[in-house]
1. Looking at E373, E387 in this structure, which one is within 27 Å of V143 (Cβ to Cβ), among the charged types (D, E, K, R) and surrounded by fewer than 18 Cβ atoms within 10 Å (Cβ to Cβ)?
2. Quick one: which of A317, A321 is surrounded by 24 or more Cβ atoms within 10 Å (Cβ to Cβ) and assigned by TED's automatic domain parsing to the domain that holds K119?
3. Going through A395, A358, A336 one at a time, which residue ends up being surrounded by fewer than 21 Cβ atoms within 10 Å (Cβ to Cβ) and among the hydrophobic types (A, V, I, L, M, F, W, C)?
4. What are the residues in region 194-212 that are touching a Lys or Arg at 6+ places or on another chain (Cβ under 9 Å) and of a type outside the set (S, T, Y), if any?
5. Scanning for something in contact with a strand residue (DSSP E or B) (Cβ under 9 Å, 6 or more places away or on another chain) and outside the structural domain of A293 (by TED's automatic domain parsing), does region 135-142 turn up at least one residue?
6. Give me the residue from region 116-145 that is over 22 Å from A74 (Cα atoms), among the charged types (D, E, K, R) and touching a helix residue (DSSP H, G or I) at 6+ places or on another chain (Cβ under 9 Å) and, out of that set, surrounded by the fewest Cβ atoms within 10 Å (Cβ to Cβ).
7. Condition test on L54, is it within 25 Å of A317 (Cα to Cα), part of a helix (DSSP H, G or I) and modelled with pLDDT of 95 or more?
8. When H343 is evaluated against the numbered criteria (1) assigned to a helix (DSSP H, G or I); (2) in contact with a strand residue (DSSP E or B) (Cβ under 8 Å, 6 or more places away or on another chain), which criterion, by number, is the only one it fails?
Amino acid sequence: MKAKVVFPALLCSGTLMAVLAGCGSSSGSASASGPVDITYATWFENRYPVLEKLVKEFNATHKNIHVTIEHEPATDSMLTKLLTELSAGTAPNVVGQFGPWADELAHTSGVLILNNFIKQSHYNLNQFYKPAIDTDIIDGKVVGLPADNDNEMIFYNKKLFEKYQVPFPKPNWTWAQLLQDAKALNHPAQKDYGFLTFIGTTEGVVTRYYPFLWQLGGNIMNKSNTKAAFDSPAGVKALTFLVELEKYSDVVARSEYETPFESGHVAMTISGSWNPLAFTQDHIDYGVAPMPAPYPGGPQYTVAGPDINIITKSTPAKEKASWIFLQYLESEKSAAAQAALGHLPFRPDVLNTPIYKATLKKLPALKAFAANEKWARLRPNFPEYSEVSQDIGQAIEEALLHKMSPAAALKAAAATADQQLKQGAP
């Protein structure tokens, strides 16, 4: 994990006018040349109307800045699109990106490093969940601020557990218990399955493998992120467990997402804090449990899923306006409005706001996800991460489809990854 940079306590209030008055900006009145126009691009779908409202409120109270919000699809090509726009000089001023890309963004010339703005405004980075802000700091460079915060747990269908008389998972359960439960809940003749297993090379597949690797003491990369480490004995044992679990699973392409669980015919799935609302709306009577440990009392690591908002380089006026807007996006009020839709907030003080307390009452599973932050670990940040992730996804698919043994699949993936790392080295 990258070293954390600690700056002095926040002096600027998160309120709209105080951000302007206290952080060295001009007053709310427009200048003679008119407001500074900036664009904000986000991939968020269900919270887009809320973000539109927040942008409208910001524009109404910041007469010297006008923000135009844009929506773009959430795909693995989002980074490529941004890099193309940076080259063409058409990139948004504030833009959301996936967390695992932070290292590449930190080394991209068109991305503004925020250290100077943070130092000048005494901005407090400790107001965020640690995994959320640690994602944004690469070798001491603050490349952005949190856009989202997630971790993964196991969702289980209570009705299927009751139908097959299987006790609900306990918080301190183990791999052996998960395997035993999946076997007891697997009834293909009735189109009921014990577990949902994904295949494919996307990030959603590999993040379901990482916890098992970490719990055994394994790592994705070596300490310097220069060589693959996932083909270790721990990595092989973790993938071997998933292959064993596949016997009692409905195996689907990642593109299908959680559809089988949402249909009510899959008893358990690994998913994130973005899904309590969706599963509730699908009328699934579900519960959540932490990731099982490899042995009694063992670690229950899970994947942290923070994403980031960055500022792109432009003119001094646009960069300053973007920083003011970004602080507004990260404020408690804004964070609470976004999380109230049914998400885990990226700052813990949101948990005590009235608007989010109402959300917790409707979606109590989010309390468990908040408590699960203690087990959340970050994926490594290095420029070739996306390519290495795809290599791991390929290995997982080869093993789950019984085309290669876990050991052979991981060995082949590690060799490919190491070659990619050599090609990317300076």
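The values are calculated or read from the model by the stated rules, or taken from the named source; none is laboratory data. Keep in mind that what you see is a predicted model, and the values were worked out from it rather than measured. So basically every Cβ, Gly included, is an ideal-geometry build from the backbone, and we count neighbours across all protein chains shown.
1. E387
2. Details: A317 fails: surrounded by 24 or more Cβ atoms within 10 Å (Cβ to Cβ).
Unique residue meeting the criteria: A321.
3. A358
4. If we filter region 194-212 for residues that are touching a Lys or Arg at 6+ places or on another chain (Cβ under 9 Å), which is where we start, we get 194, 197-207, 210-212.
Within region 194-212, G194, F198, I199, G200, E203, G204, V205, V206, P211, F212 meet the criteria.
5. Among the residues of region 135-142, at least one is in contact with a strand residue (DSSP E or B) (Cβ under 9 Å, 6 or more places away or on another chain) and outside the structural domain of A293 (by TED's automatic domain parsing), which makes the answer yes.
6. My answer is D139.
7. Details: within 25 Å of A317 (Cα to Cα): yes; part of a helix (DSSP H, G or I): yes; modelled with pLDDT of 95 or more: yes.
Yes: the conditions hold for L54.
8. Going through (1) assigned to a helix (DSSP H, G or I); (2) in contact with a strand residue (DSSP E or B) (Cβ under 8 Å, 6 or more places away or on another chain) one by one, H343 breaks only (1).
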